[in-house]
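Input: a single structure, listed below in structure tokens.
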Amino acid sequence: MSDITFTKLSVGPMDNNAYLLRCTGTGEGLLIDAANDAERLLQLIDSSPGGISTVVTTHRHQDHWMALEEVVAATGAASLAHAADAPQIPVVTGTIADGDTLPLGDCQLTVIHLVGHTPGSIALYHDGHLWTGDALFPGGVGNTWGDKANFESLINDVSTKIFDRYPDETQFHPGHGKDSTLGAERPSLPEWRARGW
């Protein structure tokens with residue numbers, strides 16, 4: 001991407017990935033998942049001029065927002081999440097929905113609602129990159145704890161809203177672990193569906 005740079009930081013104790021995105025034109029910043037280690041996140045934010053205007057929480061599970069209150073208090077950033085998960089997140093100043101566009105300086109991120117891991121799980125897309133939270137990983141969709149309806153919802157949303165929409169070269173960046181591409185994972189979709197997790 002020429003118009004957005006991003007930095008990935010793994011924070012403990014569950015090795016969550018937090019992502020700092022910055023518009024190269026304006027310097028405006030956005031943080032995806034203030035998961036933990038507020039001090040390290042704030043050092044990352046402060047190390048690149050421009051601060052942040054927004055924190056987006058990909059879903060309501062606690063390991064993705066442990067540092068949210070401290071980061072929002074220190075930066076004055078807006079805190080956004082999907083309305084279906086917002087009541088379980090400690091500080092939310094606005095909600096987002098499927099198909100919304102989030103401004104980041106001169107750029108825009110597209111919100112993709114992926115139901116199943118939680119009711120309000122989201123991914124964000126910009127220019128060949130997806131930040132998928134815990135909805136999509138290398139090797140499968142997110143955990144649905146044996147709930148068949150939730151799994152069907154998630155595999156269907158991931159299939160139609162991500163794999164049917166974006167090309168193989170699209171890179172995705174999950175809430176834990178390593179990145180991958182849609183092309184690397186696409187051949188496994190039938191296997192994921194058949195195994196039910």
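The values are calculated or read from the model by the stated rules, or taken from the named source; none is laboratory data. Given the structure is predicted, the values throughout are model-derived calculations rather than measurements. Heads up, the Cβs are rebuilt from the backbone with ideal geometry, glycines too, and the neighbour counts pull from every protein chain shown.
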Task: the stretch 27-47 - residue that is exposed (fewer than 15 other Cβ atoms within 10 Å of the Cβ) and either touching a Gly at 6+ places or on another chain (Cβ under 7 Å) or among the charged types (D, E, K, R) (or both) and, of those, farthest from Leu68 (Cα to Cα) - done: Gly27
Open item on the list: Checking the conditions here, which among Ala123, Ala67 is buried (at least 18 other Cβ atoms within 10 Å of the Cβ) and either at pLDDT below 95 or closer than 16 Å to Leu21 by Cβ (or both)?
Closed with: Ala123
Open item on the list: Conditions first: (1) touching a residue at least 40 places away in the same chain (Cβ under 8 Å); (2) in contact with a strand residue (DSSP E or B) (Cβ under 7 Å, 6 or more places away or on another chain). Asp37 passes all but one, so which condition is the exception?
Closed with: (1)
TODO: Return the residue satisfying two criteria in turn: it lies in the stretch 5-23 and is aliphatic (A, V, I, L, M) and either touching a Cys at 6+ places or on another chain (Cβ under 9 Å) or closer than 11 Å to Leu41 by Cβ (or both), and of such residues it is surrounded by the most Cβ atoms within 10 Å (Cβ to Cβ).
DONE: Leu21
Task: One residue from Ala149, Ala123 being at negative phi and part of a strand (DSSP E or B) - done: Ala123
Task: Residue satisfying condition, being under 23 Å from Gln88 (Cα atoms) and of a type in the set (Gly, Ala, Ser), within set Gly120, Gly183, Gly140, Gly128 - done: Gly120
TODO: Search the stretch 96-115 for residues being touching a Gly at 6+ places or on another chain (Cβ under 9 Å) and over 16 Å from Leu130 (Cβ atoms), and hand back the single one that is surrounded by the fewest Cβ atoms within 10 Å (Cβ to Cβ).
DONE: Asp106
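Results for (1) touching a residue at least 40 places away in the same chain (Cβ under 8 Å); (2) closer than 21 Å to Val111 by Cα, shown as yes or no for each residue.
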position	(1), (2)
Ser2	no, yes
Ser10	no, no
Asn17	yes, yes
His59	yes, yes
Trp65	no, yes
Glu69	no, no
Ala74	no, no
Leu80	no, yes
Ala84	no, yes
Task: Qualifying positions in the stretch 63-106 - under 14 Å from the mean Cα position of the chain (by Cα) and farther than 24 Å from Ile4 by Cβ - done: Asp63, Asp85
Open item on the list: Of the residues His117, His173, only one is assigned to a strand (DSSP E or B), touching a residue at least 40 places away in the same chain (Cβ under 8 Å), on the phi < 0 side of the Ramachandran plot and within 15 Å of the chain's Cα centre (by Cα); which?
Closed with: His173
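Residues checked against (1) of a type in the set (Gly, Ala, Ser); (2) more than 23 Å from Leu80 (Cα to Cα):
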| position | (1), (2) |
| --- | --- |
| Thr95 | no, no |
| Gly99 | yes, no |
| Ile112 | no, no |
| His126 | no, no |
| Trp131 | no, no |
| Gly139 | yes, yes |
| Lys148 | no, yes |
| Gly175 | yes, no |
| Ser180 | yes, yes |
- [ ] Might you let me know whether the stretch 130-150 holds any residue that is among the hydroxyl-bearing types (Ser, Thr, Tyr), surrounded by 21 or more Cβ atoms within 10 Å (Cβ to Cβ) and within 15 Å of the chain's Cα centre (by Cα)?
- [x] yes
